[in-house]
Amino acid sequence: MGQRSNALAERLEQGAGALAALAGGLSEQDWQRRGDQDRRKVGVLVHHVATMYPLEIQLAQALAGGQPIAGVTWDAVHEINGKHAGEFDGVSKAEALELLRKNSAAAAAAIRALSDEQLDRAAPVSLNSDAPLTCQFFLEDHAVRHSYHHLAAIRRLLAGSS
């Protein structure tokens, strides 16, 4: 385990931990509250973050191996998110938090297994207009950032409902 991979893993764990801490203290009413823009429930967002860690890590590992990420588009991401929201509209807090705990731990372990050389490898990423991105950037922009992104959105939603 290198310093850089450990630092990335720690940032992912901190974000997942902050999301779990906020979500764990929510009332059932707040857990069921829908966002103003994408209309997903707070609970669905927490479950979504947990669900996406394995895919985000799989894509990062492809980059770590020097392979491009091809065929992944924002339209496909929106389709996946919409399908997930429908399937998990009634997800329980306990189920979502357990999946967040399990998948964030697995994601952090996978990140810690990456060498500096793997973090520095770059290949085209279709999600980013085929820009050649490093594995580290992809991790920071997706798996590491994901919980912080939704945590901020949930905080804004809850602040507006007070």
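Readers should treat all values here as calculations from the given coordinates under stated rules, not as data from a laboratory. All values reported here derive from a predicted model rather than from experimental measurement. Heads up, the Cβs are rebuilt from the backbone with ideal geometry, glycines too, and the neighbour counts pull from every protein chain shown.
When residue 5 is tested against the conditions (1) touching a residue at least 24 places away in the same chain (Cβ under 8 Å); (2) polar (S, T, N, Q); (3) loosely packed, with under 14 Cβ neighbours inside 10 Å, the lone failure is (3).
Here are some residues: 145, 156. Which one is within 16 Å of residue 31 (Cα to Cα) and basic (Lys, Arg)?
Numbers: 145 fails: within 16 Å of residue 31 (Cα to Cα).
Being within 16 Å of residue 31 (Cα to Cα) and basic (Lys, Arg) holds for just one of 145, 156, which is 156.
The condition (being in contact (Cβ under 8 Å) with a residue 40 or more places away in the chain, buried (at least 16 other Cβ atoms within 10 Å of the Cβ) and part of a helix (DSSP H, G or I)) is satisfied by just one residue among 123, 96: 96.
Filter the stretch 69-104 down to the residues that are within 20 Å of residue 139 (Cα to Cα) and out of contact with any helix residue (DSSP H, G or I) (no Cβ under 8 Å at 6 or more places or on another chain) and list them by number.
In the first step, residues of the stretch 69-104 are kept if they are within 20 Å of residue 139 (Cα to Cα); the result is 69-74, 76-78, 80-81, 99-104.
Hits for the stretch 69-104 are 76, 78, 80.
Got at least one residue in the stretch 70-82 being surrounded by 12 or more Cβ atoms within 10 Å (Cβ to Cβ), over 17 Å from the mean Cα position of the chain (by Cα) and not basic (Lys, Arg)? Yes; the residues of the stretch 70-82 include at least one that is surrounded by 12 or more Cβ atoms within 10 Å (Cβ to Cβ), over 17 Å from the mean Cα position of the chain (by Cα) and not basic (Lys, Arg).
Within the stretch 34-60, the set of residues being out of contact with any His (no Cβ under 8 Å at 6 or more places or on another chain) and buried (at least 18 other Cβ atoms within 10 Å of the Cβ) comprises 41, 42, 43, 50, 57.
Within the stretch 5-63, being part of a loop (DSSP other than H, G, I, E, B) and not polar (S, T, N, Q) holds for 25, 26, 33, 35, 36, 38, 39, 40. Taking the condition among the basic types (Lys, Arg), free of Cβ contacts under 8 Å to residues at least 24 places away in the same chain, within 23 Å of residue 17 (Cβ to Cβ) and out of contact with any Pro (no Cβ under 7 Å at 6 or more places or on another chain), does residue 112 pass? No. You will find that of 133, 139, 157, the residue that is in a helix (DSSP H, G or I), touching a strand residue (DSSP E or B) at 6+ places or on another chain (Cβ under 9 Å), hydrophobic (A, V, I, L, M, F, W, C) and in contact (Cβ under 8 Å) with a residue 24 or more places away in the chain is 157 and no other.
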